[in-house]
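Down below is the structure, laid out as structure tokens.
The values are calculated or read from the model by the stated rules, or taken from the named source; none is laboratory data. Just so it is clear, the structure is predicted and the values come from calculations on it, not from any experiment. Here the Cβ is made from the backbone with ideal geometry for all residues, glycine too, and neighbour counts use every protein chain on show. Surface accessibility is based on the protein's heavy atoms, side chains included, excluding ligands, DNA and RNA. Shrake-Rupley method; radii C 1.70, N 1.55, O 1.52, S 1.80 Å.
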Amino acid sequence: MRIGVHLGNERVALVSIDDGGQVCTELVEGSPSDNGQQLDLLADGLKRLVRTWKAGQSGAQVRRITFDVGTLLDAGMAGARQRPPAEAGATPVLVRIAPRPPADRAHELRNSAPGLQRAQIHHLFGGHSAVGEELAPLDLGGATELARRISPGQRIVVTAVGSLTNPQHELAVGKALLDGGQPTEVSYSHAYFSTSFAARERTAMLNSSLTETTARFATELAALCRELFPLARPLVSTNDGGSTSLSRLSVSPVHSLASSPAAKIVGASAHLGHREGKLLIDDPHQPLLGQLLDGLPVVGSRYSPTEVGLIASRGALSWSVPDATLAQWSGPRVHVTSPEAVCALGAACAPVTEWVNTMSTIKTHEEFTAALRMAENRAHARLVSLGYAPSSVRTAESRAEAATFGHPNIVAIRVRAVVDGLPTHLATSPDPPTLASQQGA
Amino acid sequence: MRLSEADLDHLLEGALFTSCSVSHEWCEELRDTALEYMRAGAPGPELLDISAFEDTDLIATIGFVNKGQPVTELRPVGDEFVTCLELLAEAVGRPVRGIMPLAGGNANVLLAMAISVQTGLPVVDADPMGRIFPLVNQTVFTLAGLPVGPVAAAGALGESAVLQISRPERADHVLRSLADEFGGWVATASYPMDAATAATSALLGSLSQLISIGSLLRSPLPSAQKHAALRRLAGVKQVVRAEVAQAGWHAHPSLPGQVKFPSQVILNDLAQGRVVQLQVENEILMLMIDGSVRASMPDIITLMDPESGAVLSLEHLWPGNVVDVVVLPAAPAWYTPEGLALAGPEAFGLGTHRREGRR
């Protein structure tokens, strides 16, 4: 049996799917003001689910429980933006490593992300070319001096030119900052895949602003899982409509910030049994159009959260639906009566996913094929190392991504591997609340 | 005419429309750089008709030349083009009075605006390509037999050079090598000429047309009305609405001065079930439907969203997505025998393909 949980602003939705495809839903009402209350509501809902199973004499073992926390994270960010800067929390200190600093303030591009206007930005010499060669020697002395000047307790984001190909300068500066100062955290932009310096920095800043909250929350969720379902694998939904280990919520919460719309697409498609093409999710609050390819949401390499520029996280593509389109739509449509339950169903169905995004230097077509195979093997190996059977892992996507005016010998490789295992047919419980009604094409 | 923030947004949209490429970020960052200056109190970029200049005013063409490092990664520090213009003025022996972008599409258009705000130099409402081409020598200036040099070049590492080159095709070779050495791209100021010469050889009015195109694209008009208006304004034709079936991006080494082995995207025509093929290398080079060439270089082939009429990038060519493929003609100079030799299908390794009903 697998469980999906959607933690919303007004209610917690829980959905269970047994190995026969039988779906049960529980909704717990409440408007929690903090994470503690959220956990109380969640515990309540889980216990009710267990009582329902026992009443139905379902003795199935819970193998995985997936949390969709995107709505909560997004609400938290929106709340932080509305508070005065002093209350909203400190903006991370930015350390930018480049061959030369900007000649003027306009070239610091402080309008490219919220919070940059008031951010401390420090420049260090360094950086690498597209093929990983040093453009300028790293100013390690400057990094050591900087470590002494930065106040203790700060969060620091380090971004270097060319770090995607060669992260050495970022790592060396990070070490100097940790050794010589007392930062709370040092984040590195090379953890996020993008050939845009600004997008990587923005993503690392956003992630850093989320980790303090999510680290505690993830620990508490894990403890609740252990208490109620000690043998279940705890997972968290991700922006691409997949899922990953709950422990990653502490480290890279930015990859779960938009998980709720993605989970809604997955849930709606599972409910309808729709695996290819566009799908209209007729949510009375926010109708959404999603796109499926081989049962998975189509994913862009970046997405743009509200009021933030493009960030380097793979997000399920979705579109808001104008009224005219809603009226004229003749394709597959799911009429949603409980959006939270659809998200929870999506969380339950979300396949465990591993991505490998890498820049590879190639000279021939054979080298390109070999680089692709290597990336696929890496993605598979990661999933197998997490305990999934090799036979359950498949490559969902494996290709090169286009790059304009790039180096002719460097190609961006993108591989997505997933763990299958969802029952092929879902049967919604006849008991209310009804998950969704459907209209097929 | 002083451009406002709204004008810059329209110009951005128009510049992206005429140069369907992978990512819009580079253009957006250059627009943002101009906005940073404007929000700090600088007047907006000045866009002037060539007739506003004295005949002997020196006009320079500015643009990035890339070799591997995106400008969004190794960002300009802000003195590169200032250095280029100073070096060029010194080499020619008189100050630069106006600038124009090296290409009439994509980032170099927004670059010209950012440099105008930064330096106070007006931008000539003109460019030497009328669209974007990959090589520095693929300009109407080359067709007119005008020298490319002297060329001033500067990189993000603070290094610079002045090249005494007259043959445009040699300039591309040398500048690409410099770009490699300078970190992955180089800022250039080239094709110095009197305003009188620019008046007879440049493609006049190209930038204001981009603003008009962008303004239309950003309007709330329904998609069908946008198509009709674009046809009247710029001869844009909606060729096919199709669903992407397969997108194979290939990375093949290309020789200096040439582009080879374009990637291929296959789509299915929604209305008639025809097979649509796009050949792509940095931008869309050729459109074929059921094996027949419907458009090819130097035609401008670009993508629009069927619902909103918004400009799409090559990133939107993912399997299952539906796009409108539209075509607009390039400047007439590109359809002459000399123009086709420089920037037609054969120059892009597409053989001797000609589209149907060539003008």
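What the table below lists for this structure:
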read-out: Region B:67-78 - phi-based ³J(HN,Hα) in whole Hz, Karplus 6.51/-1.76/1.60, Gly and Pro as x; value: 8, x, 10, x, 5, 6, 9, 9, 6, x, 8, x
read-out: Angle in degrees between helix B:168-181 and the longest Cα principal axis of chain B, rounded to the nearest 10; value: 80
read-out: Reference-scaled alpha-carbon Rg (2.2 N^0.38 Å with N residues) for the protein assembly as shown; value: 0.99
read-out: Other-chain or far-sequence residues with amide H under 5 Å of residue A:362's (modelled H); value: A:410, A:411
read-out: Share, in percent, of DSSP beta bridges within the protein assembly as shown that are antiparallel, nearest 5; value: 75
read-out: Nitroxide proxy distance, nm - points 7 Å out along Cα→Cβ at residue A:168 and residue A:219; value: 3.7
read-out: Accessible area per residue in Å² at 1.4 Å probe, computed on region B:118-200; value: 30
read-out: Chain pair B, A: total accessible area buried, heavy atoms, 1.4 Å probe, Å²; value: 4100
read-out: Cα centroid separation - region B:48-124 against region A:285-355, whole Å; value: 43
read-out: Residue (of B:321, B:11, B:45) at the positive-pole extreme of chain B, dipole from beta-carbon charges; value: B:321
read-out: Within region A:295-403, GluC sites (Glu not before Pro) in DSSP loop having at most 12 other beta-carbon neighbours inside 10 Å; value: A:307
read-out: Using θ = phi - 60° and Karplus 6.51 cos²θ - 1.76 cosθ + 1.60, couplings along region A:104-112 (whole Hz; Gly, Pro as x); value: 8, 5, 4, 8, 7, 6, 7, 9, 7
read-out: Inter-chain shielding of A:97-105 (mean C-beta neighbours from other protein chains, 10 Å cut-off); value: 6
read-out: For B:276-282, mean number of other protein chain Cβ atoms within 10 Å; value: 1
read-out: Sparse-neighbour loop sites [GluC sites (Glu not before Pro); region A:114-198; at most 13 other C-beta within 10 Å; DSSP]; value: A:133
read-out: Lysine pairs within the protein assembly as shown, Cα separation less than 27 Å, 8 or more sequence positions apart or different chains; value: 8
read-out: Rg and Dmax of chain B, Cα atoms only, in Å; value: 19.5, 61
read-out: For region A:268-374, alpha-carbon Rg and Dmax in angstrom; value: 17.4, 54
read-out: Bridge type composition, region B:5-204 - antiparallel percent by DSSP, nearest 5; value: 70
read-out: Under 5 Å, built H, 5+ apart or other chain: amide partners of residue B:240; value: B:325
read-out: Under 15 Å, Cβ to Cβ, from residue A:153 - net charge with Lys/Arg +1 and Asp/Glu -1; value: +1
read-out: Alpha-carbon Debye profile of region B:5-204, log10 I(q)/I(0) at 0.09, 0.11, 0.13 Å⁻¹; value: -0.28, -0.43, -0.61
read-out: GluC sites (Glu not before Pro) lying in DSSP loop within region A:200-283, provided at most 15 other Cβ fall within 10 Å; value: A:276
read-out: Cα-based Kirkwood hydrodynamic radius, region B:6-66, one decimal, Å; value: 13.9
read-out: Within a Gaussian network of chain B (alpha carbon springs, distance under 10 Å), most fluctuating of B:232, B:218, B:167; value: B:232
read-out: Candidates B:271, B:343, B:114, ranked by Gaussian network fluctuation over chain B, Cα under 10 Å, top entry; value: B:271
read-out: Of all DSSP beta bridges in region A:61-208, antiparallel share, percent nearest 5; value: 5
read-out: Percent carbon-and-sulfur accessible area, region A:88-210, ignoring ligands, DNA and RNA, probe 1.4 Å; value: 51
read-out: Per-residue ³J(HN,Hα) for region A:274-286, Karplus 6.51 cos²θ - 1.76 cosθ + 1.60, θ = phi - 60°, Hz, x for Gly and Pro; value: 9, 10, 9, x, 6, 9, 8, 9, 7, 8, x, 7, 7
read-out: Nearest-20 debye value, region B:172-231 charge dipole, Cβ charges on Lys, Arg, Asp, Glu; value: 520
read-out: Gyration tensor (Cα) of region A:88-210, equivalent ellipsoid semi-axes in angstrom; value: 19, 17, 14
read-out: Long-range HN-HN contacts of residue B:126 with modeled amide H, under 5 Å; value: B:205, B:206, B:207
read-out: Tail weight of P(r) past 15 Å, computed on alpha-carbon pairs of region A:352-419, percent; value: 50
read-out: Residue A:251 accessible area, assembled protein chains, probe 1.4 Å, Å²; value: 100
